[in-house]
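Participant: Can you keep this structure in mind? I'll have questions shortly.
Computed from the coordinates by the stated procedures, all read-outs in this text should not be read as laboratory data. This structure is a prediction, so every number in the text was calculated from the model and none was measured. Cβ placement follows ideal geometry from the backbone for every residue including glycine, while neighbour counts extend to all protein chains displayed.
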Amino acid sequence: MRRSPSRSSAWHARWWRIAALVALMTPLLAGAGAVGAQDADSTPAAEAPYYSDTEGPPQPGGVANFLLYEDPDSLNPLVGQTSIAVQVSQAILEGLTYNDPDGVFQPGLAAELPTLENGGVSEDLTTVTWKLKPDVLWSDGTPFTSADVRHTWEAARDAANGSAVASEYELIDDVQTPDPETVVVTYSAFNAGYLDQFPWIVPQHATGAPEEMANWDFNRAPIGTGPFVLQEWAPAEYLTTVKNENYREEGKPYLDGINFLVVPAEEARTARMIQGDGDVMLWAGDEAEQQIEDAGAGMGRIAPGVWVVRMWFNLSNPFDGDPGAEPPHPILGDIRVREAITMAVNRERINQELLEGRVFDIDSPFAVGWMACEVEPFTYDPEAAMALLDEAGWRDEDGDGIREAHGVAGVEDGTPLSLMMNGYTGFSTLELIELAIQEDLKAVGIDTRLENQEFAVIFGTWADGSPRLLGDFDILVFDAGWFAEPGKDILLDLHPDQVPSEETPGGGNFTRWVREDVGEWIEAANSSPDIETRRENFCKVADAHREDIPTFPILQFSEGSVYSNRIHGYTVSTWEYATWDAENWWVEQA
């Protein structure tokens, strides 16, 4: 998600739930260093992998005002949070690891990344030993130890405790703490995402019994090891944080504090930025961003996001009472029709004219992050699209502008080439993209009828009768993304065994794309700790995905916010929330 120029607040609040985003991250045989800020800043922001501010040297002191559009729900990420809440909790709490702007894992509270090479991962891949950084203190001065990691697991592993992330701990059999700086995690089977197993650590001494987690005082008054400490929370008004005097990095954070101000109206947030009362305006809309830039008060800063808008083609016959992959869709079951659709849609026009170049071009969902799989680019060629449709038996012989079937297997002659295209309501940018697609397809003789549905309908469950899961659709248009460690989600979305059914109601392969070799490649990638082996296998899947076109990427949304001219030291990252590097922020002193 992290999305487009419109940056719909409601849309973000719906999607950015920690339960959805704690997808397990990338296993590396050895940690790679982060790209330096100077590297990111050596090319224009639109071409760089991320935006990094390089002003300096830092000036210690001062307070930054961070403008939120709604109040956080909880500051305990284990019980689930809105995207707003994480902006605050990430400045207070930390995990064993984090992702640098290139999507590479780096040690957080861990002293190093466990690997086969350094002995942190056992030869049978079922035991991971973490070495913790020494002399780390919680903000109240209590030492951070391995007992806190075990306590986090005990609380997070059981949904009955109120955990929203329990499923992420299913493979763990046990967590042992042989000494204060060592954690030994035993798995029932290899977990390809072991490096993101503990993205958040909570303190044993300042929380409570695991079974009482839903009611911990900590949920609204957390103690952390991060750069800032919550001082006061006035609901629906502000959250004040101050410098953590026990923070482990000497001289940091530079700021004396961050004030998270709850200002629901975008107009009011914009006015604060222009008046100099705001330093970060989270996910500002286009008009607000332009007003702030025109006033000389700040600039929008973006990086590529993980959220890619795609056309999702149903390869099976819809509305036949059978959710399986067979029989094929009478129209979209023909690869020539799917290929023609990709040639007919002018993605450059959508990017440059509709969205003013604030999004990114992309040809594969596998191109994001460390996989960086390159596939044959899609090309805009309406003439070739029409020739391909002619070849497939879809011709406009009655002259009404819409093609009809002539000798198409399984389709009665004269049947119009007409498809239903569904998206979700409440996201105006998505609706504009759909209208542009509809116009382009009509130009080559394909009729598309738009019927957007409520978010809860499109993304409902099997029990709800979601058309996406039942296979009762032609084309869906929406945005989805994989995080830095995508293995678990790729399996869910593309493995042939994950076609939704009564037996597999949570399956994510709702395009009904079934290839046994794809399943084998996914399994090979997810069973290896070797990053190159994983990349090689995932890129095979990427090539197959491009060959068969179960989905067609339209654009990659950007991630970012508007920053005042006086704040520096921040980096806009694809993989982390805005405050991920708040210890490096500083403001110019008057």
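Participant: Size of the dipole of the stretch 471-590 about the Cα centre, Lys and Arg at +1 and Asp and Glu at -1 on the beta carbon, nothing else charged, in debye to 20? Don't jump to the answer; show the numbers that get you there.
Facilitator: Working: 8 positive and 24 negative charges, 85 e Å.
I would put it at about 400 debye.
Participant: For Lys488, go through the lysines and keep the ones whose alpha-carbon is under 28 Å away, minus same-chain ones fewer than eight residues off.
Facilitator: Lys131, Lys540
Participant: Once volume of the Cα convex hull per residue in Å³ is worked out from the coordinates, which option in [x] 179; [y] 209; [z] 148 does it equal?
Facilitator: This structure yields the entry labelled [z].
Participant: In the stretch 305-557, what % of DSSP beta bridges are antiparallel (nearest 5)? Mind showing how you got there, number by number?
Facilitator: On the way: 16 of 23 bridges.
Taking every DSSP beta bridge with both residues in the stretch 305-557, the antiparallel ones total about 70 percent.
Participant: Please report how far the C-alpha centroid of the stretch 165-195 lies from that of the stretch 323-365, rounded to the nearest whole angstrom.
Facilitator: Cα centroid to Cα centroid, the span is 41 Å.
Participant: Sort out for me the Cα centre separation of the stretch 207-271 from the stretch 406-476, rounded to whole Å.
Facilitator: Cα centres, the stretch 207-271 to the stretch 406-476: 43 Å.
Participant: Further question: Helix 335-344 against the longest principal axis of the chain: what's the angle in degrees, Cα atoms only, rounded to the nearest 10?
Facilitator: 70 degrees
Participant: What dipole magnitude, in Debye to the nearest 20, does the stretch 305-557 give about its Cα centre under +1 on Lys/Arg Cβ and -1 on Asp/Glu Cβ?
Facilitator: On the way: 18 positive and 50 negative charges, 129 e Å.
Computed charge dipole of the stretch 305-557: roughly 620 debye.
Participant: Please state the charge dipole magnitude for the chain, taken about the Cα centre, from unit charges on C-beta atoms (+1 on K and R, -1 on D and E), reported in debye and rounded to the nearest 20. Provide the component values of the computation, followed by the final result.
Facilitator: Values: 35 positive and 100 negative charges, 246 e Å.
Computed about the Cα centre, the dipole is about 1180 debye.
Participant: Further question: Could you work out how far apart the two model spin labels at Asp320 and Val63 are, taking each label as a point 7 Å from the Cα in the direction of the beta carbon, and quote it in nm?
Facilitator: Output for this residue pair reads 6.5 nm.
Participant: Net charge within 12 Å of Asn565 by Cβ-Cβ distance, Lys/Arg positive one each and Asp/Glu negative one each, not counting Asn565 itself? Before the final figure, lay out each step's value.
Facilitator: Working: positive: Arg301, Arg566; negative: Asp53, Glu55, Asp279, Glu293, Glu588.
Summing Lys/Arg as +1 and Asp/Glu as -1 gives -3.
Participant: Answer with one residue from Trp312, Val477, Thr126: the one whose Cα lies farthest towards the positive end of the charge dipole of the chain, charges on Cβ with Lys, Arg +1 and Asp, Glu -1.
Facilitator: My answer, from the dipole projection, is Thr126.
Participant: Report the FRET efficiency, 1/(1 + (r/R0)^6), for His406 and Asp447, where r is their Cβ-Cβ distance and R0 is 25 Å, rounded to 0.05.
Facilitator: Approximately 0.95, to the nearest 0.05.
Participant: Using helices alone, I'd like the mean residue ellipticity at 222 nm for the chain: each DSSP H run of four-plus residues gives -39500 (n - 2.57), total over residue count, nearest 500. All intermediate terms of the calculation are to be shown ahead of the outcome.
Facilitator: Working: 15 runs with 133 residues, N = 590.
The per-residue figure over the chain is -6500 deg cm²/dmol.
Participant: Still on this structure, please answer the following. With the crude spin-label approximation of a point 7 Å out along Cα→Cβ, what separation in nm comes out for Asp73 versus Ala236?
Facilitator: Result: 1.8 nm between the two label points.
Participant: Let me ask something additional. Between 0 and 90 degrees, rounded to the nearest ten: what's the tilt of helix 382-391 against the longest Cα principal axis of the chain?
Facilitator: 50 degrees
Participant: Right, here's the next one. For the chain, give the share of DSSP beta bridges that are antiparallel, in percent and rounded to the nearest 5; count only bridges with both residues there.
Facilitator: Working: 56 of 72 bridges.
For the chain, the DSSP antiparallel bridge percentage is about 80.
Participant: Between Glu532 and Thr379, what FRET efficiency comes out of the Förster formula 1/(1 + (r/R0)^6) with R0 = 41 Å and r the beta carbon distance, rounded to 0.05?
Facilitator: Details: r = 30 Å, r/R0 = 0.73.
Approximately 0.85, to the nearest 0.05.
Participant: Turning to a different aspect of this structure: Can you give the angle from 0 to 90° between the axis of helix 146-156 and the longest principal axis of the chain, with both taken from C-alpha atoms, to the nearest 10?
Facilitator: It is inclined by approximately 40 degrees.
Participant: Considering only Gly399, Ala525, Gly369, whose Cα is most displaced toward the positive end of the charge dipole of the chain, charges sitting on Cβ of Lys, Arg (+1) and Asp, Glu (-1)?
Facilitator: Of Gly399, Ala525, Gly369, it is Gly369.
Participant: Under 23 Å Cα to Cα from Lys243, which lysines show up? Leave out anything in the same chain fewer than 8 places away.
Facilitator: Lys243 reaches Lys133, Lys252.
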